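Derivation of every value follows stated rules applied to the coordinates shown; laboratory data play no part. The structure displayed is predicted, hence computed values, not measured ones. Neighbour counts are summed over all protein chains in view; Cβ atoms, including those assigned to glycine, are modelled from backbone coordinates with ideal geometry.
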Amino acid sequence: MKFVLALPTYNEKENLKILLPRLIEIIKNIKDWEGEIVVVDDSSPDGTSEFVEEMMKKYSNLHLVKRKAKSGLGSAYIAGFKYGINVLGADNVFSMDSDLSHDPDLIPTFLEYASTNDIVIGSRYIKGGDFKNWPWIRKAISRGANIYGQLILGLNVNDISSGYRCYNALLWKKIGFENVKTNGYCTLEEILYLAKKESARVKEIPLVFVDRTIGETKLTYKEMIKFFTTIIKLRFS
Ligand SMILES: Nc1nc2c(ncn2[C@@H]2O[C@H](COP(=O)(O)OP(=O)(O)O)[C@@H](O)[C@H]2O)c(=O)[nH]1
Ligand SMILES: [Mg+2]
């Protein structure tokens, strides 16, 4: 069995210096699974791609999808999943933030549930889940976005905006990458909406989300407004 971690990056070189060696170490120690990493970088000005290319000389299970310009988080996920499933033959694909907010030590727990579910989600809104060092305003926005998305799209998932997930490749064959129409932070909700139509089995495991200490968030006010209008469009399209 093979899993692939898709890591979207924009100016995350300093975080990757810490995260990539940790991931490689963790992958080595997981039994019964082969693990590979795909960084999807949008030609970050800080030289993230160049750093990954340098690391690739050392690690054969590290790959890079390099895009010409900043092209959105949603399409970065899809590019990573496509590479993972179509090129590397993954049975399961993860999305994981590259800023150390998503604890890599949780990977084995995700994999425990990966074969019997279509999506496993690291959830901040179930028992044991939490936020560490996140400003109250970000928590409030996250909470609001979750309730709003759950209501409008009828999603029976506690944390619909968590980007730490593991998908079964077979689910993606059913959904079809070409059917994902949004791009941005709202793509996470769209994927759950499409998965619901396929009666996907979803499992949530507790995630303590730790705010980044290096670099800056890429979530803009424009992106937040786009989120609210896109959810409505999704529901009525
Ligand atoms: N390739 C790519 N990665 C992105 C883009 N926007 C955000 N990311 C990455 O997606 C992850 C989550 O973004 P982040 O800014 O940390 O969002 P936050 O955790 O909600 O504040 C990080 O690894 C970012 O570098 C994008 O347009 N393209
Ligand atoms: Mg982040």
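Worth a mention:
- The rule of thumb for compact globular proteins, 2.2 N^0.38 Å, goes into the C-alpha radius of gyration of the range 165-218 1.38 times.
- Among 114-127, 182-195, sorting by the average number of other beta carbon atoms lying within 10 angstrom of each residue, highest first, gives 182-195, 114-127.
- A full extension of the chain between ILE147 and GLU216 corresponds to an added length of 22.3 nm, given 0.36 nm per residue minus the alpha carbon distance.
- Between the range 77-125 and the range 1-46, the alpha-carbon centres lie 11 Å apart.
- Taking 0.890 mPa s as the viscosity and 25 °C as the temperature, the Stokes-Einstein diffusion coefficient of the range 2-236 based on its alpha-carbon Kirkwood radius rounds to 138 µm²/s.
- Loop sites in the range 53-144: GluC sites (Glu not before Pro), DSSP, at most 16 other Cβ within 10 Å: none
- Restricting attention to the chain, close to 20% of DSSP beta bridges with both partner residues there are antiparallel.
- Mean residue ellipticity at 222 nm, helices only, the chain: -12500 deg cm²/dmol; runs of at least 4 DSSP H residues each add -39,500 (n - 2.57), and the sum is divided by the number of residues.
- Packing, taken as the mean count of other beta carbons within 10 Å per residue, orders the peptides 162-171, 41-50 from highest to lowest as 162-171, 41-50.
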